[in-house]
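First the structure, in the form of structure tokens, and then the observations on it.
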């Protein structure tokens, strides 16, 4: 297999990242509209929540990318190509969370909305990671050199961890667990599924980034791991608070 793996439509050869990123947004949003609880939140408010999520994710993914190499970002502060070329899923998730909360405050929505986003996010992220994998070395989402049987040569003669595929497998397993929780009605409180998703994914990213060749500008950690740790602390405290409140209510 030669990377990037272009998608051929007649005479057109389209870059896989463009194809699958577009599909991720389109299909993910369609899944959200399909699965959202229509009686729980009115359609007009759901749209504004989705807009907040999209804008917050776009800003967050870009901001965290700039912290990958702070010194280089300062040097390239006036290089619009450098500033706009990268983005991160972790930054997108955390930025999307902030964007949703801001949108809810503006429209006066107090209900938790996160649970409706979990499956659409998993679907969209899996599709997007396919594009990352098919892009190869240019995407900078591959892992370090490995002797594991899973190693893949992305075109430079070295076998590397296909961390994009690892992430897809993780997300599918997490999605299966979340669907099972919904099926057996083990949702402990409103927002529980989203909190479980975020905590699980952030922990996964914290671990998997040890085998990614990002510069470790923060001691032994990179920018993704620092953001993931902050998110993990936030969700551990939040879930603990929710659990204690649930126990007190049960008594």
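The values are calculated or read from the model by the stated rules, or taken from the named source; none is laboratory data. What you see is a predicted model, and the numbers here were worked out from it, not measured in a lab. For neighbour counting, all protein chains shown are included, and Cβ atoms are generated from backbone atoms with ideal geometry for every residue, glycine included.
Scanning region 31-38 finds one or more residues that are at pLDDT below 75 and loosely packed, with under 13 Cβ neighbours inside 10 Å.
Here's the yes/no breakdown for (1) more than 30 Å from residue 48 (Cα to Cα); (2) surrounded by 21 or more Cβ atoms within 10 Å (Cβ to Cβ); (3) free of Cβ contacts under 8 Å to residues at least 24 places away in the same chain:
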| residue | (1), (2), (3) |
| --- | --- |
| 89 | no, yes, no |
| 124 | no, yes, no |
| 147 | yes, no, yes |
| 165 | yes, no, no |
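Counting the residues of region 61-91 that are within 17 Å of residue 209 (Cβ to Cβ) and assigned to a loop (DSSP other than H, G, I, E, B) gives 6. If you take the residues in region 167-190 that are in contact (Cβ under 8 Å) with a residue 60 or more places away in the chain and under 30 Å from residue 134 (Cα atoms), which one is surrounded by the most Cβ atoms within 10 Å (Cβ to Cβ)? This residue is 178.
Scanning region 203-245 for residues that are touching a residue at least 12 places away in the same chain (Cβ under 8 Å), surrounded by 13 or more Cβ atoms within 10 Å (Cβ to Cβ) and part of a loop (DSSP other than H, G, I, E, B) gives 212, 213, 214, 217, 222. A count restricted to region 60-95 and to residues that are modelled with pLDDT of 85 or more and within 19 Å of residue 18 (Cα to Cα) stands at 5.
Could you go through region 60-68 and let me know if any residue there is more than 15 Å from the chain's Cα centre (by Cα), surrounded by 14 or more Cβ atoms within 10 Å (Cβ to Cβ), without any contact (Cβ under 8 Å) to a residue 60 or more places away in the chain and within 30 Å of residue 158 (Cα to Cα). Yes - at least one qualifying residue is present in region 60-68. So for region 174-190 (the condition being closer than 26 Å to residue 66 by Cβ and out of contact with any strand residue (DSSP E or B) (no Cβ under 6 Å at 6 or more places or on another chain)), does at least one residue qualify? No; the residues of region 174-190 include none that is closer than 26 Å to residue 66 by Cβ and out of contact with any strand residue (DSSP E or B) (no Cβ under 6 Å at 6 or more places or on another chain). Residues in region 17-28: is at least one crowded, with 17+ Cβ neighbours inside 10 Å, at pLDDT below 90 and under 30 Å from residue 108 (Cβ atoms)? No, there is no match, as no residue in region 17-28 is crowded, with 17+ Cβ neighbours inside 10 Å, at pLDDT below 90 and under 30 Å from residue 108 (Cβ atoms). The listed residues are 98, 54, 47, 119, and the only one of them that is closer than 20 Å to residue 17 by Cα and assigned to a helix (DSSP H, G or I) turns out to be 54. When region 5-50 is filtered for residues that are more than 29 Å from residue 95 (Cα to Cα) and touching a helix residue (DSSP H, G or I) at 6+ places or on another chain (Cβ under 7 Å), the ones remaining, listed by number, are 5, 6, 7.
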